[in-house]
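So the structure is just underneath, and the comments pick up after that.
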Amino acid sequence: MQSTDRYTRETVMEVRPWTDSLFSFRTTRDRGYRFVPGQFARIGVAGEAPEEKIWRAYSIASAAHDEHLEFFSVVVPGGAFTTRLARLKEGDPILVERKSYGFLTTERFAQGRDLWMLATGTGLAPFLSILHDFATWEQYDNLVLVQSVRTQAELAYEDLIRGFENSEYYAEYAHKLRYARIVTREAVPGAFRDRVTKLLASGVLEENVGLRLDLERSRIMLCGNPEMVEDSRTLLTGRGYTASRRGEPGHLAVENYW
Ligand code: NAP
């Protein structure tokens, strides 16, 4: 008999720590679970009281075609949810709401040749899912991924991002990807040190990735720190880029992380 619960009971398959406060985890995925790359899931873990559940939104980092779900998280100091989540281990139960959410998807855009994905911290997650979507590679001439973190150790998934060119499935498209790393609190060779907003305002980012932002060609996604999202949005709307709304495709799609 089909369960009528609004969530399914899943199992943690793997937990991968990146730093003391940054980790990824995989869960099983219900066969009926559907999402569009860029969307988020709502995840539940047991709370203090019996039967109590705590729910949080998490962008899905895994591909729509993967059999599992993958998530990327920080441990928020003192945060009830993430401190519990950080204690998860293989085999633990976890709940996943049946419905997926959010509008950080390429469906929000009309046309466009270049897709710019600007992420801070764990805001990288939805872009990993989008980058595993073959339709993205086929649809755009160029994909620009900017990953901004505080320290080098937080450059999670760098190997995966660099690995597209050696991947059996993605190698034929991989030349389309331009990847820029920003490490703001440490000097790292080959990485920028300035904030993404400064790099955008000065034109240094465009110069470095070898692509101009352009109203006709560029579609831009922002995800992560709410101040970064707001500051970037202000900067870009000042240049004529418009936010996508329901039924009204624009140039920008954004997701705040907290
Ligand atoms: P973060 O402060 O978001 O920094 C990540 C990157 O974004 C850094 O390179 C940072 O540069 C840059 N950045 C921050 N504000 C910016 C702005 N206005 N414009 C442009 N770039 C900006 O750090 P995080 O490590 O990802 O997260 C920090 C804390 O946020 C966590 O420890 C946690 O407490 C909280 N957080 C909460 C949640 C939640 O769900 N509640 C989720 C994620 C994070 P700078 O080094 O120059 O600041």
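The values are calculated or read from the model by the stated rules, or taken from the named source; none is laboratory data. Everything quoted here is computed from the prediction, not taken from an experiment. Note that each Cβ is placed from the backbone with ideal geometry, even for glycine, and that neighbours are counted across all protein chains shown. Each accessible area value is taken on the protein alone, full model and side chains, heavy atoms only, with ligands, DNA and RNA left out. Shrake-Rupley method; radii C 1.70, N 1.55, O 1.52, S 1.80 Å.
List of remarks:
- Beta bridge orientation in the chain: antiparallel %, DSSP, nearest 5: 50
- Helix 226-237 axis, angle to the chain major axis (alpha carbon atoms, nearest 10°): 30
- Residue-averaged [θ]222 nm for the chain, counting only DSSP H segments that reach four residues, each worth -39500 (n - 2.57): -5000 deg cm²/dmol
- With every protein chain in place, the range 1-82: carbon and sulfur % of accessible area (1.4 Å): 49
- Descending by average beta-carbon neighbour count within 10 Å, the peptides 35-48, 224-237, 185-198 line up as 35-48, 224-237, 185-198, the highest first.
- Model label sites at ARG239 and GLU216, defined 7 Å from Cα along the beta-carbon direction, differ in position by 1.7 nm.
- Sites HIS175 and ALA57, calculated FRET efficiency, Cβ-Cβ separation with R0 30 Å, nearest 0.05: 0.30
- Residue with peak Gaussian network fluctuation, the chain [Cα springs, cutoff 10 Å], from ASP159, ASP133, ASP214: ASP159
- For the chain, taking the reciprocal of the average inverse distance between every pair of different Cα atoms yields a Kirkwood hydrodynamic radius of 19.0 Å.
- Backbone HN-Hα couplings from phi across the range 41-46 [Karplus 6.51/-1.76/1.60, Hz, Gly and Pro as x]: 10, 10, 10, x, 10, 5
- Surface share of carbon and sulfur [accessible, 1.4 angstrom probe, percent] for the range 166-258: 45
- Selection from SER100, GLY247, VAL36 lying farthest towards where the dipole of the chain points positive, charges on Cβ: GLY247
- Accessible area per residue for the chain is 51 Å², calculated with a 1.4 Å probe on protein heavy atoms, without ligands, DNA or RNA.
- Between the range 90-164 and the range 172-238, the alpha-carbon center distance in angstrom: 14
- Charge dipole (debye, nearest 20) of the chain; +1 at Cβ of Lys and Arg, -1 at Cβ of Asp and Glu: 520
- Build a GNM of the chain with springs between Cα atoms under 10 Å apart, and of ALA63, ALA49, ALA125 the one that fluctuates most is ALA49.
- Modelled spin labels at GLU158 and GLU138, positioned 7 Å past Cα toward Cβ, are 3.3 nm from each other.
- Each Cα pair under 8 Å and six or more residues apart adds its sequence gap; the mean of these over the residue count of the chain is a relative contact order of 18 percent.
- Taking the chain as a Gaussian network of alpha-carbon nodes connected by springs under 10 Å, the highest mean-square fluctuation of the residues ILE130, ILE182, ILE161 belongs to ILE161.
- One chain, two ends: ARG16 and LYS198. Fully extended at 0.36 nm per residue, the span grows by 62.3 nm beyond their Cα-Cα distance.
- Set of lysines with alpha-carbon distance to LYS53 below 20 Å, sequence-local pairs under 8 removed: LYS89, LYS99
- Magnitude of the charge dipole, the range 196-248, Cβ model with Lys/Arg +1 and Asp/Glu -1, debye to 20: 160
- Percentage relative contact order, the range 161-223, counting C-alpha pairs under 8 Å, at least six apart: 17
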